[in-house]
Each structure stands twice: as C-alpha cells, then as structure tokens.
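Contents: one structure, followed by commentary.
The values are calculated or read from the model by the stated rules, or taken from the named source; none is laboratory data. Because the structure is predicted, anything quoted here is derived from the model rather than measured. Using ideal geometry, Cβ is built from the backbone for each residue, glycine included, and neighbour counts are taken over all protein chains shown.
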Amino acid sequence: MSLPFVFEALRRRIALIVIMTLIVAASGIVLGAMWPKTYTSSAQIMLGLDDDDTPKIDAQSGNLYLKERVATYAQTVKADEVVEPVADAADIGPEALRNQITVAIVPETVVLEISVSAASPEEAVELTNAVSRRFSTQVSVLNVETGGPEIVAAQFSSPQPATEPDQLHGWLLIAVSSLVGLVLGVLVALLAGAIQAARRARTPVTPTDGEDATPAQGADHDAVTTVWDDWGDQDHEGSISGQPGSSAAGSIHRTGSADAYVGSSGLSRG
C-alpha cells in the first residue's frame with residue numbers, strides 16, 4: 001500500500017471519516033453519561049512488630065521479617081474475617097465489597113495502600129476507614145494464629161474523598177471518543193479503497209467493436225500490422241520482383257516481430 005494510494009483513499013472518503021468520528025464521539029458521550037460512576041478513596045497502613053512481644057528481635061531483623069511476609073498480609077485485607085463484618089455493617093454483599101477493594105504494596109517498604117471504590121465519594125471514605133480498621137485488628141490475630149509474633153498496623157494516611165469519578169468524563173471523554181472515531185474512520189476508508197482497487201484489478205477489459213480481446217497466438221506483443229490496400233492504384237516508381245508497381249495490386253502486411261512482406265498477389269521479398 002503506497003503513500004499516494006493512502007492519500008487518495010482518504011481524500012475520496014473524507015466525508016466517511018468525519019461521519020465515523022462524530023458517531024463514535026457521540027456514542028462515547030452517551031455511554032459515559034449512562035454508565036454508573038464510581039469513586040475511589042485510599043489509605044496507607046504501615047506494619048510493624050510489637051516490641052513487648054518480640055524484645056529480642058532488633059529493628060533490622062523485624063523489618064526483614066515483615067518484608068518477607070508483606071505480600072501475605074496484603075492478601076489478608078480481602079480475607080473473610082476482614083470483609084464480612086464490614087459488608088454486614090454497610091449492608092452490601094461480601095463479594096461485592098471484595099471486588100471493590102484493591103491492595104498495593106509500596107515498593108521496598110512494609111506499607112500497604114488500601115483502596116475502596118463506591119458509588120459516592122463519602123461512601124468510599126467510610127468503607128476505606130472501616131476496612132483499614134478491621135484489617136489493623138485482624139492482621140495481628142491471624143499472624144499469631146499461624147505461630148508468628150504480634151503485628152502492629154498503624155494507619156498514617158487518612159482517606160480523602162475523591163473529587164472526580166474513576167471513569168472518563170467531560171472533555172477527556174470527548175477527546176478520547178473523537179480520537180477513537182477518527183482512527184476507525186481512517187481504517188474503514190483505507191479498507192474501502194483497497195477493496196475497490198482489488199475489484200478494478202479483477203474486472204476484465206471489454207473490447208470495443210471490431211477489436212479482438214486477445215492477441216493472435218504466437219504474435220509478438222509489439223507487433224504492428226499495417227495494411228495498404230489497392231497498392232496498384234498508387235503511382236510508385238520501380239518494381240518489386242521485376243513487376244511494375246501498377247500491376248502489384250493487393251495488400252502488404254508488415255509486422256514488427258518479423259521483417260517480412262507478404263503480398264496478396266504472391267510477391268516475395270527481393
């Protein structure tokens with residue numbers, strides 16, 4: 001697909017590209033208005049060991065102990081012991097709440113970032129605080145039940161209400177929808193141009209009246225046939241094969257592929 005072909009295909013179908021862009025942009029705006037909005041709030045919790053329970057463990061060893069198990073503690077945030085009491089208090093299903101929770105580990109630390117999404121910013125803050133408090137209580141209990149030391153979980157970053165929804169909205173939604181529509185329009189225009197070019201290539205050339213659609217078998221592609229009728233009617237000087245030009249009536253054919261002259265009167269090349 002050459003660059004001139006691309007430019008020509010787009011130029012011929014500029015109206016199609018504009019229509020596709022407008023349709024997709026309008027569809028994105030409508031879907032964005034109809035789609036339920038969610039808001040996310042986050043809190044950070046730092047993990048540590050209880051000094052009274054582990055007096056013989058120095059700070060470096062305790063930090064190493066927590067780093068080795070921080071991924072397990074992150075999974076504890078979605079455990080039934082944490083989720084179910086919070087879900088019952090909020091009057092929502094445990095599975096629904098579990099799907100609204102996300103947990104991330106701050107790299108190279110023992111800090112967990114707990115995020116909860118909800119239908120409103122205020123509800124997201126309430127659920128984030130509830131999940132954080134429940135986790136801070138249960139993580140130590142679960143760790144002791146598995147033979148480990150007591151864990152101290154301190155929330156040092158309070159959740160804040162979100163000012164914007166998680167979904168695309170406003171001018172950003174319009175820009176993204178328009179860009180998607182433009183890309184689709186260009187692709188459709190190029191596809192239509194390629195299909196049209198392929199059809200033209202497969203369409204046979206229809207000969208005009210009196211023309212043969214296929215050249216004679218064995219004829220050279222650059223052969224040119226010239227027919228001169230009534231040779232004898234013209235006043236030529238000299239003769240061909242000893243015969244005067246006036247009696248050489250007939251036709252002479254000349255082909256570019258074979259340098260031969262054949263006369264209807266039986267003349268041969270001298």
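Here's the yes/no breakdown for (1) among the β-branched types (V, I, T); (2) at pLDDT below 85; (3) assigned by TED's automatic domain parsing to the domain that holds F7; (4) closer than 30 Å to V18 by Cβ:
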{"position": "E126", "(1), (2), (3), (4)": "no, no, no, no"}
{"position": "N129", "(1), (2), (3), (4)": "no, no, no, no"}
{"position": "I151", "(1), (2), (3), (4)": "yes, yes, no, no"}
{"position": "G181", "(1), (2), (3), (4)": "no, no, yes, yes"}
{"position": "A194", "(1), (2), (3), (4)": "no, no, yes, yes"}
{"position": "P207", "(1), (2), (3), (4)": "no, yes, no, no"}
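With among the small types (G, A, S), out of contact with any Leu (no Cβ under 8 Å at 6 or more places or on another chain) and under 30 Å from R69 (Cα atoms) as the only criterion, which of G170, G148 stands out?
When all the criteria are applied, what remains is G148.
Go through region 101-120 and report how many residues are buried (at least 19 other Cβ atoms within 10 Å of the Cβ) and either part of a helix (DSSP H, G or I) or without any contact (Cβ under 8 Å) to a residue 24 or more places away in the chain (or both).
0
Is it true that Q160 is closer than 30 Å to G28 by Cα, among the polar types (S, T, N, Q), surrounded by 13 or more Cβ atoms within 10 Å (Cβ to Cβ) and over 27 Å from the mean Cα position of the chain (by Cα)?
Taking the combined requirement at face value, the residue satisfies it.
State all residues of region 121-137 that are crowded, with 20+ Cβ neighbours inside 10 Å and farther than 12 Å from P159 by Cβ; if no residue qualifies, say none.
Once the filter is applied, which keeps residues that are crowded, with 20+ Cβ neighbours inside 10 Å and farther than 12 Å from P159 by Cβ, region 121-137 yields only F135.
It is to be established whether one or more residues within region 6-25 are part of a helix (DSSP H, G or I), at pLDDT 85 or above, more than 30 Å from I151 (Cα to Cα) and among the basic types (K, R).
yes
Select from region 67-84 the residues that are in a loop (DSSP other than H, G, I, E, B) and of a type in the set (G, A, S) and list them in ascending order.
A79
Here's a check for you: in region 165-175, which residue that is loosely packed, with under 15 Cβ neighbours inside 10 Å and either among the hydroxyl-bearing types (S, T, Y) or assigned to a helix (DSSP H, G or I) (or both) is modelled with the highest pLDDT?
So, considering only residues that are loosely packed, with under 15 Cβ neighbours inside 10 Å and either among the hydroxyl-bearing types (S, T, Y) or assigned to a helix (DSSP H, G or I) (or both), the one modelled with the highest pLDDT is A175.
Which one of L22, L16, L3 is of a type outside the set (F, W, Y), more than 18 Å from I195 (Cβ to Cβ) and surrounded by 11 or more Cβ atoms within 10 Å (Cβ to Cβ)?
The unique qualifying residue is L22.
Mind checking which residues of region 127-178 are charged (D, E, K, R) and either under 16 Å from Q75 (Cβ atoms) or touching a helix residue (DSSP H, G or I) at 6+ places or on another chain (Cβ under 7 Å) (or both)?
Residues satisfying the conditions are R134, E145, E150.
Considering only residues that are of a type outside the set (A, V, I, L, M), exposed (fewer than 15 other Cβ atoms within 10 Å of the Cβ) and either assigned to a helix (DSSP H, G or I) or modelled with pLDDT of 95 or more (or both), which ones fall in region 85-100?
D88, E95, N99
Being among the aliphatic types (A, V, I, L, M) and in contact with a Lys or Arg (Cβ under 7 Å, 6 or more places away or on another chain) narrows it down to one residue among V125, V106, V152, V110; which is it?
Of the residues listed, the single one that is among the aliphatic types (A, V, I, L, M) and in contact with a Lys or Arg (Cβ under 7 Å, 6 or more places away or on another chain) is V110.
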